[in-house]
Amino acid sequence: MIKSFLILLIISIHLFSSEQIILVVSDNMSTSKAKLECYEDGKKVFDTIDVNLGKNGLGWGIGEYNFPLKKGEVLKYEGDKKAPAGIFKLSDIFGYAKNGNYKMPYLFASEDLICVDDTHSPFYNQIIQAHGDEKSFEHMKRDDNQYTIGVVVKHNPKAQNKRGSCIFLHIEKFQGAGTAGCTSMKYNDLKKIVNWLDKKKKPLLIQIPKERAGKVIELFPQLKESKLLK
């Protein structure tokens, strides 16, 4: 019991170092709809935002903390059309503009910038300049506006085979459209978020079904006033 408490305390201290938190809460693991709130130093910024999850809801991903699996819950896998549930670092902003004036590292979505989803590739779950021999990948410069701006979610950072790749916050295809595994929203909402994010404040994405609210409050007591967790 003491050992478990100490482990939880260490995890909480590590995660508490984050000054910026994006909180996404869905009603359950199966829905593609959720609500999003942004917090800085325990205070809510912006109004609550409607977002879209994977077409098949949520699957538990690989991030900064492993929630124990409950009966009926599933893990996130490549191609399952589920967004990852869990706690994840946010690493980069990307977009179609050649230069980005943000407080996060910026990736220009050039014609040859790709994210590799080939589970057999040594570059699986990495954003790279195309070499020409990749078998399966996603262009970061799309023919639509969904990646005009976006945020890289550090899901599955060690690229465990078939556990999912290329997870982003991006612009919704159309209102209410579920995704292939990312979290999407209106352009104006995402633009506010990318302008707010600051690498120095160690931003995190917490994405959960509502039934895990208690554990999130235990790990992040600064979120105890969130209406999404009540």
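The values are calculated or read from the model by the stated rules, or taken from the named source; none is laboratory data. In this text, all values refer to a predicted model and were calculated from it rather than measured experimentally. All Cβ positions, even for glycine, are placed from backbone atoms using ideal geometry, and neighbour counts span all protein chains on display.
If a residue has to be in a loop (DSSP other than H, G, I, E, B) and in contact with a helix residue (DSSP H, G or I) (Cβ under 8 Å, 6 or more places away or on another chain) to count, how many in region 199-220 make the cut?
The initial filter retains those residues of region 199-220 that are in a loop (DSSP other than H, G, I, E, B), namely 202-203, 220.
With in contact with a helix residue (DSSP H, G or I) (Cβ under 8 Å, 6 or more places away or on another chain) added as a condition, the list becomes 220.
Total meeting the criteria: 1.
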Check your understanding: Quick check, is Gln160 of a type outside the set (Val, Ile, Thr), modelled with pLDDT of 95 or more, in a loop (DSSP other than H, G, I, E, B) and out of contact with any Cys (no Cβ under 9 Å at 6 or more places or on another chain)?
Key -> yes
Revision key, fill the gap. Condition set touching a residue at least 60 places away in the same chain (Cβ under 8 Å) and of a type in the set (D, E, K, R), scope region 84-118, selection nearest to Pro209 (Cα to Cα): answer is Lys89
Exercise for review: For region 187-198, state whether one or more residues are hydroxyl-bearing (Ser, Thr, Tyr), at pLDDT 95 or above and not in a helix (DSSP H, G or I).
Suggested key: no
Check your understanding: Across region 26-37, what is the number of residues that are in contact with a helix residue (DSSP H, G or I) (Cβ under 8 Å, 6 or more places away or on another chain) and surrounded by fewer than 21 Cβ atoms within 10 Å (Cβ to Cβ)?
Key -> 3
Practice item. Check Ile149 against each of (1) surrounded by 23 or more Cβ atoms within 10 Å (Cβ to Cβ); (2) touching a Gly at 6+ places or on another chain (Cβ under 7 Å); (3) touching a residue at least 60 places away in the same chain (Cβ under 8 Å); (4) at negative phi and name the one condition it does not meet. Key: (3)
Check your understanding: Cys115 is checked against (1) over 18 Å from the mean Cα position of the chain (by Cα); (2) under 19 Å from Asn145 (Cβ atoms) and fails just one. What number does that condition carry?
Key -> (1)
**Study point:** Single condition Glu138 does not satisfy, out of (1) part of a loop (DSSP other than H, G, I, E, B); (2) over 21 Å from Glu64 (Cα atoms); (3) of a type outside the set (Lys, Arg); (4) within 20 Å of the chain's Cα centre (by Cα)
**Key:** (1)
**Study point:** Subset of region 69-83 [without any contact (Cβ under 8 Å) to a residue 60 or more places away in the chain and touching a Gly at 6+ places or on another chain (Cβ under 6 Å)]
**Key:** Val74
Review point. From the set of residues in region 152-177 that are over 21 Å from Thr119 (Cα atoms) and within 15 Å of the chain's Cα centre (by Cα), which is surrounded by the fewest Cβ atoms within 10 Å (Cβ to Cβ)?
Key: Ile171
Check your understanding: Is it the case that region 59-73 has a residue that's buried (at least 16 other Cβ atoms within 10 Å of the Cβ), more than 29 Å from Ser17 (Cα to Cα) and modelled with pLDDT of 95 or more?
Key -> no
Check your understanding: Under the condition of being surrounded by fewer than 19 Cβ atoms within 10 Å (Cβ to Cβ) and polar (S, T, N, Q), which residue from region 194-230 is nearest to Ser26 (Cα to Cα)?
Key -> Gln222
